[in-house]
Amino acid sequence: MPSIDFVITVDRTMMTNHHGKEFLGFMTTAPAVGMPEWLWMWICAPKPRVDELGRPLEAPYGLRKIEAALKRAGFRAEIIDPDELDKHLPHAKALMIGHHDFFAFCAPSNVWWAVTKREPVNRKYFIKLMESKPVRKFKERGGKIVIGGPAAWQWLHVEDLWDRWGVDIVIDGEAEKVIVDVAQKILNDEPLPRYIYVAPHEVPSIEEIPSIMGASVNGLVEIMRGCPRGCRFCSVTLRPLRYIPIDKIVEEIEVNKKFGIDHALLHSEDILLYGAYGVVPREDPLIKLHEAVISTGVGTVGWSHVSLAATVAAQREGKIVTKIMDLIKSGTGQKFIGVQTGIETGSPRLAKIIMPGKSAPYPPDKWPEIVEEAFRIMTENDIIPAATLILNLPEEKREDLDATVKLLERLREYPSLIVPMYFVPMGVLKNKKALLSFSIKPEHVDVMWMCLEHSLYWAPRLASMYLAENPVVKLAIRLFLKFVEWKKRSLERKVREILEEACRGKYMHKPVNE
């Protein structure tokens, strides 16, 4: 068996392809509800296919980037499934782990945790990984543990676990450049800094971002980094905007196809701003991008995220959304796409304070109208949004929640899922003391209840469309939705009592040993 110096991994909730359905991954942010945990995990996080070395066929895109950076620099590095670590850790120099939400501090994990009073499975399975026998033995013999990824900042608030598990270094930010220096220090047995923050001016350039060498989960490929909108709650706005050239995007799609992944899930914080003039979408780069992607012969094309303002601007500016969707439908034969987006609030007042760029190129006082118009455009073009709302935003007032309720009433007719989340102060607000604790307020209950009713209304139809070719998973999801609907009907008063009880308590994320 070839020796691997740098083993890259993550827990099961991320080392999975979610049965080829990316949105099932949202279930990993919650505790198992209404079914045994093993069944919950089978639905949302089945083990991927692995080769004889324990390397997964598909792996998270961020880990693929780190793997590519190390291999391009000449290091022996591989992504290994968490169940296969015992094959390699006895001989490895370092174990590298990245995650989107190590400790369930981010939304929606924190909301599930507060409401159900149970740990979400992403946190449970990460702790299980760190406490596993192969990882503990690796650390006992002096191996180095390197932590990174979008949730690296969480480790600054769990220093007891940092020490308990023997984490040597945490890299916070885009790591493709610094990981090479860290790897060399490990091989040379040189001292490592405890923490590295990759500042915006230190992020890799387009030329320094390596192309993936193995397949990414569900064919995800990045088309741009950063976002120009400047929302105060978001860390992405701290990074400079960079557009990935079309030839590099196609190159990564071809890598995925070589490994049998017949999807192209285009990823950015706002797909419709690819090649844009600021926040104004441009038809030419968007059409060229999608023509190039479709020309690779992939079976489906998907989008990760779009903003509602860009959706409206693109459609008003020459029906760009319709043109792109016509291309996708005619080029692949698929009938719809799903996408994540952010409503965040229905209040123009709050939008102006906390996210004045979210509605651009339109003024914040038009935000509710922009949201509804975007939902209408998506419905007309067979785009299904999974949208977020953020509760407990700084300076939130009762009038803001009333405005959100009114907006939710107007959105009921549009096929979609709407998920309430609790404010996590990232971005320029990351230093707020509320990071690890929050309270559910009485005035939030109506918004959360309306979101539940909206999503339960549309979920059965959307699940039938989304999981049409996977009858077993579809059946499991349908049974789960029926369970939730039954609970909602039979225990509506009790559910409201639970939510209102949560209002009276403060939920603090605690170390695992408490």
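The values are calculated or read from the model by the stated rules, or taken from the named source; none is laboratory data. Only a predicted model underlies this, so the values are computations on that prediction, with no experimental measurement involved. Because the Cβ atoms are built from the backbone with ideal geometry, glycine has one as well, and the counts that use them run over all protein chains shown.
List of remarks:
- The residues of the range 138-160 that are part of a helix (DSSP H, G or I), out of contact with any Pro (no Cβ under 6 Å at 6 or more places or on another chain) and touching a residue at least 12 places away in the same chain (Cβ under 8 Å), listed by number, are F138, K139, A152, W153, Q154, W155, L156, H157.
Per-residue answers, yes or no, for (1) closer than 30 Å to M325 by Cα; (2) outside the structural domain of A107 (by TED's automatic domain parsing); (3) at pLDDT below 90:
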{"residue": "A387", "(1), (2), (3)": "yes, yes, no"}
{"residue": "N392", "(1), (2), (3)": "no, yes, yes"}
{"residue": "E399", "(1), (2), (3)": "no, yes, no"}
{"residue": "D402", "(1), (2), (3)": "no, yes, no"}
{"residue": "Y457", "(1), (2), (3)": "yes, yes, yes"}
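- Unique residue being in contact with a Phe, Trp or Tyr (Cβ under 7 Å, 6 or more places away or on another chain) and within 26 Å of G143 (Cβ to Cβ) when the list is D5, D51: D5
- For the range 161-178, the set of residues classified as surrounded by 18 or more Cβ atoms within 10 Å (Cβ to Cβ) and outside any loop (DSSP other than H, G, I, E, B) consists of L161, W162, I169, V170, I171, D172, V178, listed by residue number.
- Checking I261, I249 one by one, the residue that is on the phi < 0 side of the Ramachandran plot, of a type in the set (V, I, T) and either free of Cβ contacts under 8 Å to residues at least 40 places away in the same chain or not in a loop (DSSP other than H, G, I, E, B) (or both) is I249 and no other.
- Subset tally (residues that are under 22 Å from E373 (Cβ atoms), touching a strand residue (DSSP E or B) at 6+ places or on another chain (Cβ under 6 Å) and either free of Cβ contacts under 8 Å to residues at least 24 places away in the same chain or of a type in the set (A, V, I, L, M) (or both)) for the range 285-307: 1
- Residue that is surrounded by the fewest Cβ atoms within 10 Å (Cβ to Cβ) [pool: residues in the range 335-350 that are closer than 19 Å to S304 by Cβ and among the hydrophobic types (A, V, I, L, M, F, W, C)]: F336
- Matching residues in the range 405-422 - criterion: being in a loop (DSSP other than H, G, I, E, B) and basic (K, R): R412
- Of everything in the range 225-243 that is at pLDDT 75 or above and surrounded by fewer than 21 Cβ atoms within 10 Å (Cβ to Cβ), the residue that is farthest from G299 (Cα to Cα) is P240.
- E369 vs. criteria of a type in the set (D, E), in the same structural domain as H263 (by TED's automatic domain parsing) and modelled with pLDDT of 95 or more: yes
- The range 384-404: number of residues that are more than 26 Å from A463 (Cβ to Cβ) and either in a loop (DSSP other than H, G, I, E, B) or touching a Gly at 6+ places or on another chain (Cβ under 9 Å) (or both): 10
- Leading residue by the ranking (modelled with the lowest pLDDT) among those in the range 329-366 that are β-branched (V, I, T) and in contact with a Leu (Cβ under 9 Å, 6 or more places away or on another chain): I354
- Summed over the range 56-73, residues that are over 18 Å from G149 (Cα atoms) and in contact with a helix residue (DSSP H, G or I) (Cβ under 8 Å, 6 or more places away or on another chain) total 1.
- Residue within the range 283-300 that is under 30 Å from D402 (Cα atoms) and assigned to a helix (DSSP H, G or I) present: no
- Test result for V321, in contact with a strand residue (DSSP E or B) (Cβ under 8 Å, 6 or more places away or on another chain), in a loop (DSSP other than H, G, I, E, B) and assigned by TED's automatic domain parsing to the domain that holds P368: no
- Scanning the range 317-330 for residues that are surrounded by fewer than 19 Cβ atoms within 10 Å (Cβ to Cβ) and touching a residue at least 40 places away in the same chain (Cβ under 8 Å) gives T322, K323, L327, K329.
- For the range 366-374, the condition of being surrounded by fewer than 20 Cβ atoms within 10 Å (Cβ to Cβ) and at positive phi holds for none of the residues.
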